[in-house]
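Colleague: Let me begin by handing over the structure; questions about it come next.
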Amino acid sequence: MSGQDGVKFDPKEHQHQRYNPLTDRWVLVSAHRMTRPWAGQKESVSEQQVVRSDPQNPLCPGNTRANGQVNPDYESTFVFENDFPALQPDAPDPPQGSDGDSLFQSKAARGKCQVMCFHPWSDITLPLMRQDEVIKVIDKWAELVEELGATYPWVQIFENKGATMGCSNPHPHCQVWASSFLPNEAVVSDRSQKAYYQQHQQQLLLRYAEQEANRQERVVVQSSDWLAVVPYWATWPYQTMLLPRRRHILRLTDLTPEERRDLADVMRRLLTKYDNLFQVSFPYSMGWHGAPTGPHLSGGVDHWQLHAHYYPPLLRSASVRKFMVGYEMLAQEQRDLTPEQAAERLRNVPDEHYRNRKKSEEKE
Ligand code: H2U
């Protein structure tokens, strides 16, 4: 099997594979498939009408949660212990060595799960919040990493947004799961960043941010301290990564007030572009990855660089999503437009949120 002689390679036309140095996996890029007909699933696009305060919503201020506790009348962020936690601090250890056969291994798992509301209103999302309100979210994230990371080696902050991403409640919120172990994604990322650092004496993601800032073709939003890029190796159509571009930063706790202000601005701009792309409150799963905590606070993690991943499923419109099924589950992840095309589309959508624009048009 050899390529066509004399035909110049064009990433938009010619399928190829790209390497993800964080996961040590390859993705198949087949941009020419974007023209294929689609008669499959369409998500509902009627935007859910969310009321600002619903007496039945357990995440709203003053309301009662599943466990009977009443939320305070909070005015900014609000954190509570998840009433249905996947990880609890006191689970007993499973039997050592299980059945005496290495094919049946188990390990202890302990932890804590919390829920964090971003704002007292249910009908608001991060891109529509004020910058000072988003800074409070970032400050609270850092506080939780500090508090839970004092003992737990991994504190995973993540936000599932939109029903398509399994979010159970429209109120703006995220979850924080702290675990007594490094989860799989953290283990692989740790291994990859460590190997790169040992070989190059530089952090993989600091080098990557420098390169992307120079090349610009995958940059969606940038500021003096942060870059939002569609990674060269992105698997989801409009996947992005938020990266500090100026200096080595291990964790959210290390961000200066200026870096937090700048991050709030970049997040609002990125998320506004997401919403404007298909004129819908863009669904995604996002989360922060920083250096492990707990016993790792004392060192040995200089290869890490703080970053956030955004994984949005939408592909062609507000109603057609990318499915990671058949080939992706059984062979290899595959994408249908190049990361450069995705970045260009996101760069080209307006910076003003479509809801604000609609409001000002209605006033005129
Ligand atoms: P998701 O929308 O990502 O599912 O997050 C909402 C979380 O809120 C979910 O994990 C918790 C659920 O367990 N929750 C409570 O802890 N108490 C409640 O009364 C409702 C929801």
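Colleague: Looking at the stretch 62-78, which of its residues are within 28 Å of the chain's Cα centre (by Cα) and either buried (at least 16 other Cβ atoms within 10 Å of the Cβ) or within 8 Å of the ligand (Cβ to nearest atom) (or both)?
Modeller: 65, 66, 71, 77, 78
Colleague: While we're looking at this one, here's another question. Might you let me know whether the stretch 125-143 holds any residue that is in contact with a Phe, Trp or Tyr (Cβ under 8 Å, 6 or more places away or on another chain) and within 13 Å of the ligand (Cβ to nearest atom)?
Modeller: Checking the stretch 125-143: not a single residue is in contact with a Phe, Trp or Tyr (Cβ under 8 Å, 6 or more places away or on another chain) and within 13 Å of the ligand (Cβ to nearest atom).
Colleague: Check whether at least one residue in the stretch 294-306 is in contact with an Asp or Glu (Cβ under 8 Å, 6 or more places away or on another chain), under 23 Å from residue 164 (Cβ atoms) and at pLDDT 95 or above, and report yes or no.
Modeller: no
Colleague: Looking only at residues that are closer than 19 Å to residue 241 by Cβ and of a type outside the set (A, V, I, L, M, F, W, C) in the stretch 173-184, which one is nearest to the ligand (Cβ to nearest atom)? Before the answer, list the steps.
Modeller: First pass over the stretch 173-184, keeping only residues closer than 19 Å to residue 241 by Cβ: 174, 183-184.
Adding the requirement that they be of a type outside the set (A, V, I, L, M, F, W, C) leaves 183-184.
Details: 183: 17, 184: 20 Å.
This residue is 183.
Colleague: Do you know which residues across the stretch 270-318 are at negative phi and among the polar types (S, T, N, Q)?
Modeller: Once the filter is applied, which keeps residues that are at negative phi and among the polar types (S, T, N, Q), the stretch 270-318 yields 272, 276, 281, 285, 293, 298, 305, 317.
Colleague: How many residues are within 20 Å of residue 53 (Cα to Cα) and within 8 Å of the ligand (Cβ to nearest atom) when one looks only at the stretch 146-172?
Modeller: Going residue by residue through the stretch 146-172, those that are within 20 Å of residue 53 (Cα to Cα) are 161-163, 167-172.
With within 8 Å of the ligand (Cβ to nearest atom) added as a condition, the list becomes 167-169.
Adding up the residues that qualify gives 3.
Colleague: I'm trying to understand the selection: among the residues of the stretch 258-283, which are in contact with a Ser or Thr (Cβ under 9 Å, 6 or more places away or on another chain), more than 25 Å from residue 193 (Cα to Cα) and not in a loop (DSSP other than H, G, I, E, B)?
Modeller: 258, 262, 265, 269, 270, 271, 274, 275
Colleague: Only one of these conditions is not met by residue 187: (1) within 15 Å of the ligand (Cβ to nearest atom); (2) of a type in the set (Val, Ile, Thr); (3) surrounded by fewer than 18 Cβ atoms within 10 Å (Cβ to Cβ). Which number is it?
Modeller: Failing condition for residue 187: (1).
Colleague: Pick from the stretch 141-171 the residues that are under 15 Å from the mean Cα position of the chain (by Cα) and in a loop (DSSP other than H, G, I, E, B): which of them is surrounded by the most Cβ atoms within 10 Å (Cβ to Cβ)?
Modeller: Out of the qualifying residues, it is 162.
The values are calculated or read from the model by the stated rules, or taken from the named source; none is laboratory data. Quick caveat, the model's predicted, so the values are computed rather than measured. With ideal geometry, Cβ positions are generated from the backbone for all residues, glycine too; neighbour counts draw on all protein chains shown.
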